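Take a look at the structure below.
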Amino acid sequence: RLSLVGSEMCIRDRMNSSQFSYKPGFTGLVQINLERIQNDQTRDNYELHYLKNQSLFLDIEIILQAFRKHVK
């Protein structure tokens, strides 16, 4: 039920309010950009961008960014 790249694993109060639904993952656009997200609209924009542009190459890019972020 988990994916390597996907939505947040723990979506606090947004579980019922989020308009997007896709498999949770260990990393994703929202997770690697948490410091930039200041409101639900920004979070939704990242989710929508991922859903519209989902591809193997985008997933690889997200994985590499997550790896670089955690290696620092």
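The values are calculated or read from the model by the stated rules, or taken from the named source; none is laboratory data. Everything numeric here is computed off the predicted structure, so don't read it as measured data. Counting neighbours? That spans all protein chains shown, and the Cβs are built from the backbone with ideal geometry, glycine included.
Structure notes:
- Taking segment 20-72 and the helices (runs of 4 or more DSSP H) fully enclosed by it, the elements with 3 or more residues that are charged (D, E, K, R) and surrounded by 13 or more Cβ atoms within 10 Å (Cβ to Cβ) are at 40-53, 56-71.
- Restricting attention to segment 6-44 and to residues that are at pLDDT below 65 and of a type in the set (A, V, I, L, M), the residue that is farthest from the chain's Cα centre (by Cα) turns out to be Met15.
- Filter pass, Tyr50 being modelled with pLDDT under 90 and of a type in the set (Phe, Trp, Tyr): no
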